[in-house]
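**Q** Input: one structure, supplied below.
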Amino acid sequence: MSIAAISKPKLLCMSQSAAMFGGFLLLLCEIRFEHRAVLIDDWRPWIPIVFCATMLVLIPLAGLLWHRGGKKFLIVAYALTMCLGLLGLVFHSEGHLLQRLEEMFVVWTSSPQTGASVKVLAPPLLAPCAFLGLGSIGILFCMQS
């Protein structure tokens with residue numbers, strides 16, 4: 001089947017699904033690499049890895065069942081993605097969200113030399129916000145089509 005034979009709405013839906021699939025695939029690869037040292041010590045680093053892998057299965061399946069509930073299912077899945085981002089923010093702040101935000105503010109408002117000397121031994125605070133972004137983009141895609 002040629003691309004020209006696919007209707008524009010269907011092509012848009014397929015393109016959006018492919019973009020979201022790619023986003024979750026790249027995020028899965030990055031998280032698996034960045035969590036490599038903590039995977040043996042704790043169960044929490046596995047949460048985003050398993051979630052991303054699950055989304056790689058769910059996105060194509062929901063695309064195939066788009067008009068039979070797949071769209072609604074994906075909206076729920078993307079809302080859960082955003083919830084996972086918030087949960088990750090809590091885990092990455094290690095219970096000290098305001099202190100960690102203050103550390104970031106100090107780095108952003110200081111010179112590069114001073115900012116480079118700030119030592120942070122906690123996980124990257126805003127990394128889980130990638131899930132907030134992916135989830136919100138996914139919901140917007142679903143609402144558009």
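FYI, it's all coordinate maths here, none of it is from the lab. For clarity, every value in this text was computed on a predicted model and none was experimentally measured. Ideal geometry is used to build each Cβ from the backbone, glycine not excepted, and the neighbour counts take in all protein chains shown.
**Q** Order of 95-102, 49-56 by packing, highest average Cβ count within 10 Å first?
**A** The most tightly packed comes first, giving 49-56, 95-102.
**Q** Helices from the chain with mean Kyte-Doolittle at least 0.0 and a Cα length along the axis of 20 Å or more, per DSSP H: which?
**A** Span-like helices in the chain: 8-34, 46-64, 70-93, 129-144.
**Q** Just to verify a number: FRET efficiency for ALA19 and PHE105, C-beta to C-beta distance, R0 = 30 Å, to 0.05?
**A** That pair, ALA19 with PHE105, gives E of 0.35.
**Q** Using alpha-carbon pairs under 8 Å, 6+ residues apart, how would you state the relative contact order of the stretch 40-145 in percent?
**A** 35 percent
**Q** May I ask which residue of LEU140, CYS52, PRO128 lies farthest towards the positive end of the charge dipole of the chain, with charges of +1 (Lys, Arg) and -1 (Asp, Glu) on Cβ and the Cα centre as origin?
**A** LEU140
**Q** I've got another one for you. With label points built 7 Å along Cα→Cβ from the Cα atoms of GLN144 and CYS129, find their separation and express it in nm.
**A** 2.2 nm
**Q** For LYS10, go through the lysines and keep the ones whose alpha-carbon is under 17 Å away, minus same-chain ones fewer than eight residues off.
**A** Excluding near neighbours in sequence, the set is LYS71, LYS72.
**Q** Continuing with the same structure: In nm, give the distance between the simple-model label positions of LYS8 and GLU30, each being 7 Å from the Cα along the Cα-to-Cβ direction.
**A** Modelled inter-label distance: 3.3 nm.
**Q** Continuing with the same structure: Within the stretch 1-97, report the GluC sites (Glu not before Pro) that DSSP leaves as loop and that have at most 15 other Cβ atoms within 10 Å.
**A** Here the sparse-neighbourhood loop sites are GLU94.
**Q** Applying a 10 Å radius around every beta-carbon, put 66-76, 122-132 in order of their mean neighbour count, most first.
**A** Top to bottom by mean Cβ count within 10 Å: 122-132, 66-76.
**Q** Sticking with this structure for a sec: With +1 on the Cβ of every Lys and Arg and -1 on the Cβ of every Asp and Glu, and nothing else charged, how large is the dipole of the chain about its Cα centre, in debye rounded to the nearest 20?
**A** 700 debye
**Q** Separate question: Would you work out if the chain is rounded, prolate or oblate? Take a ≥ b ≥ c from the square roots of the eigenvalues of the alpha-carbon gyration tensor; rounded if a/c is under 1.5, else prolate when a/b is larger than b/c, oblate otherwise.
**A** Verdict is prolate for the chain.
**Q** Could I ask something else about it? Could you work out how far apart the two model spin labels at ILE40 and PHE73 are, taking each label as a point 7 Å from the Cα in the direction of the beta carbon, and quote it in nm?
**A** 3.8 nm
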